[in-house]
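Let me begin by presenting the structure, written as structure tokens, before commenting on it.
A short reminder: the numbers here are calculations on the coordinates, not readings from a lab. Small disclaimer: the values here were computed from a predicted structure and weren't measured. In this analysis, Cβ positions are derived from the backbone assuming ideal geometry, glycine residues included, and neighbour counts consider all displayed protein chains.
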Amino acid sequence: MGKRSGHIPNPATSQSDSHWVERIRAGDAKAFKQLFFSHSESLVNFAFRFVGDQDLAEDIVQEVFLRVWEHRSRLDPAKNIRTYLYTATRNQALNVLRHSDVERESAEVIARMGREVVSSEDQLEQHQIYQEVHRAIDQLPERCRVIFTMSRFDRLTYAEIAEILEISVKTVETQMGRALKSLRQDLSHLIHS
């Protein structure tokens, strides 16, 4: 499926994250740097989905990490730092949106992110498939689309998505079911062709 090493968290990452939090609390700048490089790229992609601007998404993530460092003594090693970072990024992105007129262009993001998912020898056909896939995802209701992309592209668990979006796991399951059903219907001609 084209997983890039270093960008998709695994159980070992959670343990090392907890270790990093301990070291960051003690003022270890190297551990902070490791945490930043381990999570910043996926957080920027996540923020981009809200604000539709790469530079702004990078600024948001830098602001999140700056606050983590400034308030490092308050970090709880027992809590999932990845969930904390996604929640903080989401909140910061929403704050930025409240104070600006930035337009979201999530379809282009999905198209870029979907390049690893869909492959075809014919470039024109490939481009048309990208277009149809990202159009189908973009037409999902807002909540469905956000949950789908968090699950499929950020590889977050349903429990992490529920915590970040402050909804129940059951709601995440329901929305994912709706998203998958809708995408199957909209893209059935690609599946059967």
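Side notes on the structure shown:
- Reference-scaled alpha-carbon Rg (2.2 N^0.38 Å with N residues) for the range 11-98: 1.05
- FRET efficiency, Asn95 to Gln185 (Cβ-Cβ, R0 25 Å, nearest 0.05): 0.10
- Dipole in debye (nearest 20) - the range 11-98, about Cα centre, beta carbon charges: Lys, Arg +1; Asp, Glu -1: 320
- Estimated distance in nm for a label pair at Ser18 and Arg155, the labels positioned 7 Å out from Cα along Cα-to-Cβ: 2.0
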